[in-house]
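The values are calculated or read from the model by the stated rules, or taken from the named source; none is laboratory data. Worth saying up front: this structure is predicted, and the values here are computed from it rather than measured. When we count neighbours, we look across all protein chains shown, and the Cβ atoms used for this are built from the backbone with ideal geometry, even at glycine.
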Amino acid sequence: MFRGANDGGDGELAGMSEADIDAPETDLLGALRGEAVQVDDGFAATVREDLDLSPGEAAGAGAKRLHHGFLRGEAGGQFRDATAAESHLLPRVDAAEEALRVPLEHATDARDLDGIDADGVLHRPIVRTARAVAVSALVEQRAVDFGRPPSTLEFGMSATIIDGAAIARDLLDELRREIDELKRHDVQPGLAFVLVGENPASISYVRGKAKDAEATGVRSETIRLAEDISQEQLIGVVAELNADPRWHGMLVQMPLPPQLDESAVAGAVLPEKDVDGLHPVNVGRLFRGEPGFRPCTPYGVVQMLMRSGHDPAGQHVVVCGRSNLVGKPVAGLLMQKARGANATVTVCHTGTRDIGRYTRRADIIVAAMGRPKAITGEMVREGAVVIDVGVNRVDDATKKAGYRLVGDADFEAVAEKASAITPVPGGVGPMTRAMLMYNTVLAAKGGPGAE
């Protein structure tokens, strides 16, 4: 197995020592530790032979890998088209390295084949030798040398990182263009936030959502209310916002103080302004497969799967968690007869005996249990896709805040077996906020029925 630059650790070949391979590969292992190495044309020819590739195939198909991942608007990305990437990057890579990018281009396909030995080295028909696997790691290291870490790990059985922040940025870029068009017709999407009390997490969440609104072109306003507000007073504020045509969408930030009934407050928001997708009418429409606002986190999960190339259609999805906010609605979305759905869905929860018995059969796992590292490596089958919705604080004396954030999946252990996984933070969270903007723009365009 490899550990790439993304995980903060030194790269390594599990089960192999430098004594197991000859000098060129020893140099390549050095590259994993950031040492300068050279790959000569003779060695490149040897690897091409191992891969059954002609020089023409290697040079032609391999060139695409050179700027793979640089064109998606990801964090630190500076190239918006292939020409710009090629002009900047191609001169910095010698022909021998370029010729060896083919195995990386096809590594995802190789995972689905029976060419993986117990030592974790991919063999026929894509990568047959430890030498070629080492080259894959070298190429990934060179991407780091160009000034930004690769956003995915695409070799061995290490998981591809599904970059929720990058996908969210792509979505927000699309929304900006739609908002510009709406403004040309004198319509600016408007979103009102209702914030009750001084809960630090709620204040932070609303501040982040307001920044997204400003950056996207959505008009927003935060109505801050006292901690001791009565139920009647809060419902009155919601009613005023319902009647105000400036606001196409409204969000009452949860949780609310204990004297307030959250269900009643959510139900007071007009369904056509319920961009959080929590109103009983919108929840009912979701399960009936009718147009309505979809809850932001579950809808974000669907968007992440589709936009990262993991269509759930025909797949067995195991949802771990049955909350009204995530577990139930994501299961409802994925079982619909619709694009981005058509999955066979199993829902596990605290009453499920031996959850691992179900997760080990899953093509896709959605972890939404609210317990840190509840999904362990042994609960995931080789090649599964894991969407980690959990955000949990765990004590960490090495951090200034005294804690760090982890998901519901044991990231490092699961990533060794999964084909793709979302990180925490940087995975589902940014998508939740992006989908709130999506729903607000949809409301400004006339609502879900106008899609």
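Laid out as a table, the results:
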| quantity | calculated |
| --- | --- |
| Segments classed as strands (runs of 3 or more DSSP E), wholly inside the range 354-451, with at least 2 members that are crowded, with 16+ Cβ neighbours inside 10 Å | 364-367, 385-388, 403-406 |
| Scope the range 216-250; condition over 18 Å from Asp261 (Cβ atoms), touching a helix residue (DSSP H, G or I) at 6+ places or on another chain (Cβ under 7 Å) and among the hydrophobic types (A, V, I, L, M, F, W, C); matching residues | Val218, Ile223, Trp247 |
| Candidates Thr344, Thr398, Thr376, Thr422, filtered to the one that is closer than 17 Å to Arg322 by Cα and polar (S, T, N, Q) | Thr344 |
| Any helices (runs of 4 or more DSSP H) falling wholly within the range 206-320 and containing at least 2 residues that are outside the structural domain of Asp388 (by TED's automatic domain parsing), buried (at least 19 other Cβ atoms within 10 Å of the Cβ) and touching a residue at least 40 places away in the same chain (Cβ under 8 Å) | 231-243, 280-288 |
| So Arg381, is it at pLDDT below 90 and not polar (S, T, N, Q) | no |
| Selected residue (only one of Thr376, Thr350, Thr346 is at pLDDT 95 or above, hydroxyl-bearing (Ser, Thr, Tyr) and under 27 Å from Gly277 (Cα atoms)) | Thr346 |
| Residues of the range 342-353 satisfying the condition of being in contact with a helix residue (DSSP H, G or I) (Cβ under 6 Å, 6 or more places away or on another chain) and in a loop (DSSP other than H, G, I, E, B) | Ala343 |
| When residues of the range 177-205 are limited to those that are modelled with pLDDT under 95 and polar (S, T, N, Q), the one surrounded by the fewest Cβ atoms within 10 Å (Cβ to Cβ) | Ser204 |
